[in-house]
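One structure below.
The values are calculated or read from the model by the stated rules, or taken from the named source; none is laboratory data. None of the values given here were measured: they were computed from a predicted structure. In this analysis, Cβ positions are derived from the backbone assuming ideal geometry, glycine residues included, and neighbour counts consider all displayed protein chains.
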Amino acid sequence: MKKISLLVPVFLVLFLLISCKQKKKEKSAKERFFPVLSFIKSQVAHVDTSLFSIRKVIYVDSTKTDTTYYRREQFSSLATDFLNLPDIADPKYADRFKEEKLFDETLNKVIITYQPISPEKEEIQREEVLIHPDPSGDKITSIIIDYFINNKDSSVQKRMLWQVDRSFQVNTARQLQGQPEINSTYKVIWNEEDDE
């Protein structure tokens, strides 16, 4: 009888441990954010194996542009600004960012927005994933990322737009201490038929 009475508390403790671990797994699964970086990497891999004509347009000012064509093997280096971003879908970011979902009737899109809880501590200031709902399958149309890094003597702010299966664009504002802000913009286009 003593053996049975000793086993009951042991089973009870094991049951509690297992159920706590299960709840923790369920909680972390709910907190998973949309894997923006993985999605962009898959886009890059697709373009790397495609036959698209890839061109980069650098906007010098409002009236001048400089266009260069690239081989598909160079595409991943063109997308470096996106590929080097922190991956907020990593579980370590789950309690550092908040997610908001809404449906914009005007755009007919679902917008998933991620913003840092403490913006001064994060490089990613905002991520937006725009999804076009469709009964045959929802389609991600765009990803918008606001990135900001501030050092002792400089700051860099990037506004980045990834148009799925078409192009991406990066607007950069650099500010060195005691100097005027320098702005630059470039766009990489690989699917000109769909590009507007």
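Considering the conditions (1) farther than 17 Å from Phe33 by Cα; (2) among the hydroxyl-bearing types (Ser, Thr, Tyr); (3) not in a loop (DSSP other than H, G, I, E, B), Thr113 is excluded by exactly one of them, (1). Taken together, the criteria place Thr65 among residues that are in contact with a strand residue (DSSP E or B) (Cβ under 8 Å, 6 or more places away or on another chain) and polar (S, T, N, Q).
Within the stretch 70-104, the only residue that satisfies the criterion of being among the hydrophobic types (A, V, I, L, M, F, W, C), free of Cβ contacts under 8 Å to residues at least 60 places away in the same chain and either under 21 Å from Asp165 (Cα atoms) or not assigned by TED's automatic domain parsing to the domain that holds Lys121 (or both) is Leu83. Quick check: is even one residue across the stretch 108-115 out of contact with any Lys or Arg (no Cβ under 8 Å at 6 or more places or on another chain), in the same structural domain as Arg174 (by TED's automatic domain parsing) and in contact (Cβ under 8 Å) with a residue 12 or more places away in the chain? Among the residues of the stretch 108-115, at least one is out of contact with any Lys or Arg (no Cβ under 8 Å at 6 or more places or on another chain), in the same structural domain as Arg174 (by TED's automatic domain parsing) and in contact (Cβ under 8 Å) with a residue 12 or more places away in the chain, which makes the answer yes.
Within the stretch 166-184, restricting attention to residues that are crowded, with 17+ Cβ neighbours inside 10 Å and of a type outside the set (S, T, N, Q), the residue that is farthest from the chain's Cα centre (by Cα) is Arg166. Only one of the numbered conditions (1) under 21 Å from Thr185 (Cα atoms); (2) assigned to a loop (DSSP other than H, G, I, E, B) is violated by Tyr69, and that is (2).
Out of Lys187, Lys98, one residue alone is under 17 Å from Ile40 (Cβ atoms) and under 18 Å from the mean Cα position of the chain (by Cα). It is Lys187. Restricted to the stretch 124-139, and to residues there that are in contact (Cβ under 8 Å) with a residue 24 or more places away in the chain and more than 12 Å from the chain's Cα centre (by Cα), the residue that is farthest from Leu37 (Cα to Cα) is Pro133.
Name the single residue that is surrounded by the fewest Cβ atoms within 10 Å (Cβ to Cβ) among those in the stretch 123-165 being of a type in the set (A, V, I, L, M, F, W, C) and farther than 23 Å from Glu192 by Cβ. Selected residue: Ile149.
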